[in-house]
1. Search the range 1-30 for residues that are among the small types (Gly, Ala, Ser) and pair each with any residue that is surrounded by 11 or more Cβ atoms within 10 Å (Cβ to Cβ) when their beta-carbon atoms are under 8 Å apart and the residues are at least 6 apart or on different chains.
2. Which of the residues belonging to the range 13-25 are surrounded by 15 or more Cβ atoms within 10 Å (Cβ to Cβ) and not in a strand (DSSP E or B)?
3. Hey, does the range 29-36 have a residue that's more than 10 Å from the chain's Cα centre (by Cα) and either modelled with pLDDT under 95 or buried (at least 17 other Cβ atoms within 10 Å of the Cβ) (or both)?
4. Considering only residues of the range 68-82 that are part of a strand (DSSP E or B) and in contact with a Phe, Trp or Tyr (Cβ under 6 Å, 6 or more places away or on another chain), which is surrounded by the most Cβ atoms within 10 Å (Cβ to Cβ)?
5. Among residues belonging to the range 40-55 that are charged (D, E, K, R) and touching a Lys or Arg at 6+ places or on another chain (Cβ under 8 Å), point out the one that is farthest from Asn84 (Cα to Cα).
6. If only one of Gly41, Gly80 is within 18 Å of His110 (Cα to Cα), in contact (Cβ under 8 Å) with a residue 24 or more places away in the chain and small (Gly, Ala, Ser), which one is it?
7. Does the range 111-120 contain any residue that is of a type in the set (S, T, N, Q) and farther than 17 Å from Thr11 by Cβ?
8. Considering the range 68-91 alone, what residues qualify as being out of contact with any Asp or Glu (no Cβ under 7 Å at 6 or more places or on another chain) and either at pLDDT below 95 or under 18 Å from Gly37 (Cβ atoms) (or both)?
Amino acid sequence: MSYIIDLEAKTLKNNNFREVLFTTKNAQLVVMNLNPGEEIGEEIHELDQFIRFEAGTGKVVLDGVENEVSDGWATVITAGTKHNVINSGINPMKLYTIYTPPEHKDGTIHVTKVDALADHNDHYIVG
């Protein structure tokens, strides 16, 4: 099973806080939209994560170190790194991320961050 998409267009059109686009046994592709002032929230994963920013401005905090990001920037977050993404701009921040291995159930859509926080069953289950 393979997957092909105009990822930049999909990322820019996405208005959901989180939408899982494609999941394999080893990786997962997710688009996200952070509204002005919104953040993903500080987290630590037992997995590696790649994030590419397609629109907006903000910062990525990696183990307490703030890094400014905007359209075209990317980060690789290694397992065990405390991290957060914060939209400090006046426009929505559009990004896509690849988790290795998957983090969320395939097909998950969280329209808002409140939806994401309320969903205690969204984590990917190997099997």
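1. The qualifying pairs are Ala27/Ile98; Ala27/Tyr99; Ala27/Thr100; Ala27/Pro101; Ala27/Pro102.
2. First pass over the range 13-25, keeping only residues surrounded by 15 or more Cβ atoms within 10 Å (Cβ to Cβ): 14, 16-23.
Asn14, Asn16, Phe17 - these are the residues of the range 13-25 that are surrounded by 15 or more Cβ atoms within 10 Å (Cβ to Cβ) and not in a strand (DSSP E or B).
3. Filtering the range 29-36 down to residues more than 10 Å from the chain's Cα centre (by Cα) leaves 35-36.
Filter again for either modelled with pLDDT under 95 or buried (at least 17 other Cβ atoms within 10 Å of the Cβ) (or both), leaving none.
The answer is no, given that none of the residues of the range 29-36 is more than 10 Å from the chain's Cα centre (by Cα) and either modelled with pLDDT under 95 or buried (at least 17 other Cβ atoms within 10 Å of the Cβ) (or both).
4. Our first condition is that a residue be part of a strand (DSSP E or B); within the range 68-82, this holds for 68-70, 74-77.
From the residues that got through so far, the ones that are in contact with a Phe, Trp or Tyr (Cβ under 6 Å, 6 or more places away or on another chain) too are 69, 76.
Values: Val69: 23, Val76: 11.
Checked the range 68-82; the qualifying residue surrounded by the most Cβ atoms within 10 Å (Cβ to Cβ) is Val69.
5. Applying the first criterion (charged (D, E, K, R)) to the range 40-55 yields 42-43, 46, 48, 52, 54.
Now restrict to residues that are touching a Lys or Arg at 6+ places or on another chain (Cβ under 8 Å): 42-43, 54.
Working: Glu42: 5, Glu43: 7, Glu54: 17 Å.
So the residue we want is Glu54.
6. Numbers: Gly80 fails: within 18 Å of His110 (Cα to Cα).
Testing whether each residue is within 18 Å of His110 (Cα to Cα), in contact (Cβ under 8 Å) with a residue 24 or more places away in the chain and small (Gly, Ala, Ser) leaves just Gly41.
7. Looking only at the range 111-120, we keep the residues that are of a type in the set (S, T, N, Q), and these are 112.
Remaining after also requiring farther than 17 Å from Thr11 by Cβ: 112.
Yes, there is a match, as at least one residue in the range 111-120 is of a type in the set (S, T, N, Q) and farther than 17 Å from Thr11 by Cβ.
8. Glu68, Val69, Ser70, Ser88, Gly89, Ile90, Asn91
The values are calculated or read from the model by the stated rules, or taken from the named source; none is laboratory data. No experiment lies behind these values; they were computed from the predicted model shown. Neighbour counts are summed over all protein chains in view; Cβ atoms, including those assigned to glycine, are modelled from backbone coordinates with ideal geometry.
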